[in-house]
Amino acid sequence: MVNLETRPASTTTDCPRCGKPASLCICDGIERIDNRIALLILQHPQEQDRELGTARLTLLHLQHSAMKIGLSWPSLAKALGREVNPKRWAVLYLGAASAATLPRDRELTLLDAKGAPLDDQDRTLRGIEGVIVLDGSWSQAKTLWWRNPWVLKCRRLALNPKQPSRYGKLRREPRREGLSTLEAAGLALARLGNQPEIDTALGLSFARLLGAYRSANTNSK
């Protein structure tokens, strides 16, 4: 079940589902997907990009997903609200590791504690049941990583996408491999669960959001 964690009351022009201004709401075109790999988004409380943020949009697409807003939780089970084996969950976090050191033929790579690729990637990836995405800026994601030591019990997963983020010039990322929460979740869940339709559906929604944003800003000039 999707868990859209309660947020502070917003203006009357905001959509109650996605939290975006009416001009940027694309809820009418969202396709619900029965994702095989579960998703948990941990959002930094200072992530304030209401217009271009994609966390809530991602949740609306995926049946097995939840989001928690805060800085720390005692364990994965407490954050998720149910008991799970943390070794069967992966946290998307490249950290200080360089994308240049990742295998060029892989979009998903599991890393050890030192940031080096693990052996037997395919077997370990097949055992992943859920993915954790840290939602916020690079510095905010780093804070979430260090404030929750239990993440070290999970697998550490790095993305090396073939294409840069669709944000383009709208939201510059400090590193080429930086993706929106929606893009990162779509890529990881699609590959791990062998569900390419996830990446496709989320990508189309993201394109609609960016199109609506560009149109709204052009018309306001």
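The values are calculated or read from the model by the stated rules, or taken from the named source; none is laboratory data. Computed from a prediction, not measured in an experiment: that's the story for all the values here. Backbone-built Cβ (ideal geometry, glycine too); neighbour counts: all protein chains shown. For the accessible areas, the whole protein counts, side chains as well, though only heavy atoms, and no ligand, DNA or RNA atoms are used. Shrake-Rupley method; radii C 1.70, N 1.55, O 1.52, S 1.80 Å.
Stokes-Einstein diffusion for the chain at 4 °C, viscosity 1.567 mPa s, with a Kirkwood radius from C-alpha pairs, works out to 73 µm²/s. Of K114, K20, the order by accessible heavy-atom surface (1.4 Å probe, DNA, RNA and ligands excluded), from most exposed downward, is K114, K20.
Which is farthest toward the positive dipole end of the stretch 89-146 among V133, A116, A97, measuring Cα position about the Cα centre, with Cβ charges +1 (Lys, Arg) and -1 (Asp, Glu)? Result: A97.
Here the 3J(HN,Hα) profile of the stretch 39-44, calculated from phi with Karplus coefficients 6.51, -1.76 and 1.60 at θ = phi - 60°, is 10, 10, 9, 9, 9, 5 Hz, Gly and Pro shown as x.
Dipole size of the chain about its Cα centre, with +1 on Lys/Arg Cβ and -1 on Asp/Glu Cβ: approximately 400 debye, rounded to the nearest 20.
At 20 °C and a viscosity of 1.002 mPa s, what translational diffusion coefficient does Stokes-Einstein give for the stretch 37-144, taking Rh as the Kirkwood radius over Cα pairs? Give it in µm²/s as a whole number. My calculation gives 142 µm²/s for D. Under 5 Å between amide hydrogens, built in the peptide plane, is the criterion, and for L39 it picks out S65, A66, V131 among residues at least 5 positions away or on other chains. About the centre of its Cα atoms, the stretch 36-152 shows a dipole size close to 280 debye [charges on the beta carbon of Lys, Arg (+1) and Asp, Glu (-1) only; nearest 20 debye].
Solvent-accessible area per residue in the chain equals 52 Å², computed with a 1.4 angstrom probe and all protein chains kept.
Tell me the angle of helix 138-147 to the major Cα principal axis of the chain, expressed in degrees between 0 and 90 and rounded to the nearest ten. Taking Cα atoms only, the helix is inclined about 50 degrees.
Write out the trypsin sites (Lys or Arg not before Pro) in the stretch 38-98 meeting two conditions: DSSP loop, and at most 11 other Cβ atoms within 10 Å of their Cβ. Answer by residue number: R82. Checking the Cα-Cα distances for K20/K153; K78/K142; K78/K162 against a 27 Å cut-off, the pairs over it are K20/K153; K78/K162. Among the GluC sites (Glu not before Pro) found in the stretch 22-110, those both in a DSSP coil and sparsely packed, with 11 or fewer other Cβ atoms within 10 Å of their Cβ, are E83. For the chain, the longest principal axis of the alpha carbon atoms and the long axis of helix 181-192 meet at an angle near 40°. Among beta bridges identified by DSSP and lying wholly in the chain, the antiparallel ones come to about 25 percent.
Amide H contacts for T54 (H built 1.01 Å from N in the peptide plane; partners 5 or more residues away or on another chain; cut-off under 5 Å): T181, L182.
Of the heavy-atom accessible surface of the chain (probe 1.4 angstrom), what whole percent is carbon and sulfur?
50 percent
Helix 196-219 and the longest principal axis of the C-alpha atoms of the chain enclose an angle of approximately 40°.
Here's how it looks for D135: its modeled amide H is under 5 Å from those of L42, Q43, H44, which are all 5 or more places away or on a different chain. Where both bridge residues fall in the stretch 6-123, DSSP classifies roughly 25% of the beta bridges as antiparallel.
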